[in-house]
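Encoded as structure tokens, the structure appears first; notes follow it.
The values are calculated or read from the model by the stated rules, or taken from the named source; none is laboratory data. Note that the structure is predicted; figures quoted are calculated from it, not measured. Because the Cβ atoms are built from the backbone with ideal geometry, glycine has one as well, and the counts that use them run over all protein chains shown. Areas reflect the complete protein model, heavy atoms only, side chains present, ligands, DNA and RNA absent. Shrake-Rupley method; radii C 1.70, N 1.55, O 1.52, S 1.80 Å.
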Amino acid sequence: MNEKKTPKRQLGVLDLAHRFLREHVSAGDTVIDATCGRGNDTKLLCELTGASGRVIGFDIQQEAIDSAAELLRENGYSAELHLDSHANMEQYAEPETVSCIVFNFGWLPRGSHEIFTHADSSIAALEAGLRLLKPEGWLVLCIYYGGVNGFSERDALVEYLSSLESRYYTVLQCSFPNRTGCPPFAVFVKKEIAE
Ligand SMILES: C[S@@+](CC[C@H](N)C(=O)[O-])C[C@H]1O[C@@H](n2cnc3c(N)ncnc32)[C@H](O)[C@@H]1O
């Protein structure tokens with residue numbers, strides 16, 4: 001009986017991101033969810049930062065903001081949720097005060113596939129995010145591509161991240177090379193301490 005059983009659930013990009021957040025976010029931290037969507041990452045950030053922390057979230061869809069707020073309410077958490085583009089995040093926090101910023105690119109789960117993240121605003125937001133990060137802070141990115149959103153945002157993100165000066169930023173990419181289709185991948189960017 002050598003029949004291979006199908007695994008119930010495989011490790012995915014969100015597992016990697018959440019494990020990483022659990023390791024790098026502490027009580028009292030200021031953190032940002034750049035793409036709130038249904039609020040799953042925002043909820044984890046609230047759990048990790050606790051009552052003394054500050055969680056700031058962004059989405060351009062009212063449906064996403066309402067859905068994230070509802071999830072937080074159901075779980076006894078609250079966060080500063082803004083119906084605004086993540087490209088404007090510098091209007092909401094001071095430079096070098098944020099420990100971790102999460103980006104989950106793509107479209108709203110169970111929402112319209114017509115609205116998704118785009119390279120121009122995503123890269124503007126990454127640049128802003130790097131200015132907001134504390135030294136030794138992290139960007140945590142989950143990059144989805146190959147659906148209606150195509151490949152152009154992924155290509156622009158990878159090109160931008162590859163161009164970051166290695167003295168100042170460590171960029172770690174975790175992909176799934178033995179999976180077929182367009183498996184989403186994670187990128188973690190650490191802002192190093194400047195001398
Ligand atoms: C993959 S979903 C995020 C999923 C979310 N983290 C969750 O737990 O459900 C991507 C979200 O990014 C949002 N989005 C697209 N462009 C944006 C922008 N410029 N600024 C902020 N959010 C944006 C979409 O509306 C969508 O809800």
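Key figures for this structure:
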read-out: Label-point separation in nm, S112 to E165, each point 7 Å along Cα→Cβ; value: 4.1 nm
read-out: Whole-Hz ³J(HN,Hα) from phi, Karplus 6.51 cos²θ - 1.76 cosθ + 1.60, for the range 64-75, glycine and proline x; value: 5, 4, 5, 5, 5, 4, 5, 4, 5, 4, 4, 9
read-out: CD proxy at 222 nm, helix term only [per DSSP H run n ≥ 4: -39500 (n - 2.57); per residue of the chain; nearest 500]; value: -9500 deg cm²/dmol
read-out: Phi-based couplings in Hz for the range 24-41 (Karplus 6.51, -1.76, 1.60; Gly and Pro marked x); value: 10, 10, 10, 4, x, 5, 9, 9, 10, 9, 6, 9, 4, x, 7, x, 5, 6
read-out: With every protein chain in place, the chain: carbon and sulfur % of accessible area (1.4 Å); value: 48 percent
read-out: Gyration tensor (alpha-carbon) shape descriptor, the range 30-191, a/c threshold 1.5; value: oblate
read-out: Where a label projected 7 Å from the Cα of R19 along Cα→Cβ would reach, residues of the range 167-195 with amide N under 20 Å; value: 171-180, 183-190
read-out: Projected label distance in nm at T180 and Q10, using a 7 Å step from Cα toward the beta-carbon; value: 1.0 nm
read-out: Reachable aspartates and glutamates from K43, criterion Cα separation under 18 angstrom, eight or more residues apart if same chain; value: D15, E23, D29, D33, D59, E63, D66, E70, E74, E80
read-out: Residue with peak Gaussian network fluctuation, the chain [Cα springs, cutoff 10 Å], from D59, D84, D155; value: D155
read-out: Spatially proximal lysines relative to K190 (Cα-Cα < 16 Å; intrachain offsets below 8 disregarded); value: K134
read-out: Vicinal HN-Hα couplings computed from phi for the range 47-56 (Karplus, 6.51 cos²θ - 1.76 cosθ + 1.60; Hz; Gly/Pro x); value: 4, 6, 8, x, 5, 8, x, 10, 10, 10
read-out: Gained length - E94 relative to E74, 0.36 nm times residue gap less alpha-carbon distance; value: 4.2 nm
